[in-house]
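Structure first, commentary second.
Readers should treat all values here as calculations from the given coordinates under stated rules, not as data from a laboratory. Note that the structure is a prediction, hence the values are computed from the model and not measured. Virtual Cβ from ideal backbone geometry, glycine too; neighbours counted across all protein chains shown.
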Amino acid sequence: MPYTAHTPSEVKEMLEVIGLQSEDELFSPIPNEAKAKAFDIPDGLDEWSAFDSFKELSKKNKVDKICFMGGGYYDHIIPSAVDALAGRSEFYTAYTPYQAEASQGTLQALYEYQSLACELSGMEISNASLYDGGTALAEAALMSVRITRRNKILIDGGVNPEYIKIIKTYLSFRDIEFEVIENIKDSSDIEKLKSKIDENIASYIFQNPNFFGSVQDFSEIVDILHSHKALAVMSSYPISLGILQDGGSLDVDIFCADGQSLGNYLNFGGPSFGMLATKQKYIRDVPGRIIGKTLDKNNKEMFVLTMQAREQHIRRHRATSNICTNQNLLALRATIFLSMLGKNGLVDMANMNYQKSEYLKSELSKIDGIDIYNDNPTFNEFIISTPKLATKLIDELNKKDFLLGVNMSKIYDGFDNKVLIATTEKRTKKEIDSLVNAIREVL
């Protein structure tokens, strides 16, 4: 059976309506060199043979290595109850909750997610999630332009480089100017930044802890931004908020984060979900959707899609976003995870991340040739400088069943011997000591 059920005569009829001779003409705007050539697809398999084939293929994945990688995605402990509850068919098969009366469970879960996101971020309102941390930050950049009616954005050099690429992509077809303020080593160049803030700036986007793992105090910058009627946009690592200041405490205008660390697996790089929370006065500029609680005609509590500022629901030029969905299931997992963890649990978890990272930092400092690159305090990840090239050191540790960290030489010039290492509550003292010994051996 063909992919579509259209008969040749139906295809011909449709082509005649749009004035084309063949299906190939539909794709004529695509350059030939960009088109896929013939695919070498093998014959189909029966169910059991397909299962065996995938089972053999899965053996190529190395899933038993000890992970010290970070840079945006982290290997955290996930309680079994998260899988059990999120895997229920009511949630697992649910689609976008357009029909409120038939989607009360999903709507309530997302309402609770928004409440928890506000508590976590210290902000007043939250949407029901976006794709990931990078797209959330890009949407925040567009929000700042709409709110201030200015078209210049400053981006801190400590923001995740992947996020910066996403922001640039989002802004590339808009009349918006942006400037990346390069860091001094692992720190934001505060003095240089002060000289850049004026009445033309829509917002300043920063990350704390930054991509290098370093923690800084941005309260002075936030005050300066507000004195020029510019917005402060903060990206953060959710787990760090157990011990670090949240967005509300810093009086930032828009808070963003990637929710992978909140009850979601690494999954070879995705999927994840994006968090976006802001001040009440900016509610009509929030992208995506907001779930609300109200009463039905029988005076019973119910949940609804209160705001849906997307191009599917309002005129395209008035839409705040063209993101056509959110990440319901992953946001649900975060809701379950945070509910189980509780306020005290989040503090304990954050402290474990910090303390284990400090222990690893201390032990690595004792190895000849290893230097800690960060001058500022760090949360749970930091950069080491090594006497070997980062690529070679990572490869040698990989053979010893350690995923050492992020190869910074692939991201920044002049970082040939630098590796970004992360430690979470999941890493035991035995694993940390084993890593230290393995590094000592290869050096």
Practice task
Could you give me the radius of gyration and the Dmax of segment 18-139, taking only the C-alpha atoms into account and expressing both in angstrom?
Solution key: 22.7, 59
Fill in the blank from the handout: With N residues in the chain, Rg(alpha-carbon) / (2.2 N^0.38 Å) equals 1.10
Problem - Mean residue ellipticity (222 nm) of the chain, computed from DSSP H runs ≥ 4 via -39,500 (n - 2.57), nearest 500 - result: -11000 deg cm²/dmol
Exercise for the section: Report, for the chain, the % of DSSP beta bridges that are antiparallel, rounded to 5. Expected result: 55
Practice task
Determine the principal axes of the Cα atoms in segment 80-338, then give the extent along each, sorted from largest to smallest and rounded to whole angstroms.
Solution key: 57, 42, 31
Practice task
Mind ranking 418-430, 389-401 by how tightly packed they are, going by the mean number of other C-beta atoms within 10 angstrom, highest first?
Solution key: 418-430, 389-401
Handout entry: Exposure proxy order (Cβ contacts within 10 Å, fewest to most) of VAL286, VAL17
Key = VAL17, VAL286
